[in-house]
Amino acid sequence: MTAMRMALLLCFLLLATPQVISAGEMEGRSRIELRMGLRNHGGTTGAATTVGPLGVETTAGAENVFFSLGYSRWMSENVAGHATLGVLSVDASSRAGPLGVSQQAAVICPMIVGMRYYPRKLSLDTSFMPFLTAGVGLITGIQSRNDVGFQVVQESGATTTFGSRSGVGFDVAMGRSFVAIADLGYNLMTDFSDEIGGRRNYSGLESGLGIGWQFGRSAAQ
């Protein structure tokens, strides 16, 4: 999905969902979120096949696309705790040639815990609710390699480092149970001890869209 398509989808949601959120409605409620979007850390997206003296090499990657599953819990009307498990980068390659067959795969998974703050003066008690968000957590890189040639080699390993995310965004209510989410943030992380997917650091800007399902009884009820 391109940035233009994401923007058009967001505009449609804004025009199609004019519901009003009443004061005191969110405290005590929970939300499950599904998000996807684009990241800018110098990676590539797509697939390629190369024929050379060592054989045929096929590579595929989605380093500019992310997916995440999140959970939020409102501790007060304008403050929510938030936990997210995501996939930031996927890279895979295979090579077949006279020396045998080699396959490699790598994936980056962030686990971030943080807070969201909804300034009430900006929300105007409408379905449009802007927020600020910040969190910290662990970034895990998982990589595996299988070589079949003169001998069979199977290697796999994981390495973990620290990361953080901060950003801004807004919710758009679609009735009481569902909400559309848009946000823009920056992911900052320390280097992995070893290269994962050909690099040690995946810091960069991130823009995403998502949908959330809200449930539970609010404190006002």
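Each label point was placed 7 Å from the Cα along the Cα-to-Cβ direction; for Lys121 and Leu69 their separation is 4.0 nm. Rounded, prolate or oblate: which one fits the range 169-214, using the alpha carbon gyration tensor with axes a ≥ b ≥ c (rounded when a/c is under 1.5, else prolate when a/b beats b/c, else oblate)? Prolate shape, in that a/c is at least 1.5 and a/b is the bigger ratio. Other residues lying with their Cβ under 14 Å from the Cβ of Val179 contribute a combined charge of +1, Lys and Arg counting +1, Asp and Glu -1. So, in nm, how far is label Phe128 from label Leu34 when the simple model puts each one 7 Å beyond its Cα toward the Cβ? Computed distance between label sites Phe128 and Leu34 equals 2.7 nm.
Multiply the residue separation of Ser203 and Thr190 by 0.36 nm, subtract the distance between their alpha-carbon atoms, and state the gained length in nm to one decimal.
Value of the extension gain: 3.8 nm.
Full extension of the chain segment joining Met111 with Ser156 gains 14.2 nm, where the gain is 0.36 nm per residue of separation less the Cα-Cα distance.
Taken together, the values in this text are just the output of simple stated rules run on the coordinates, not laboratory data. Owing to the predicted nature of the structure, the values given are computational and were not obtained by experimental measurement. Ideal geometry is used to build each Cβ from the backbone, glycine not excepted, and the neighbour counts take in all protein chains shown.
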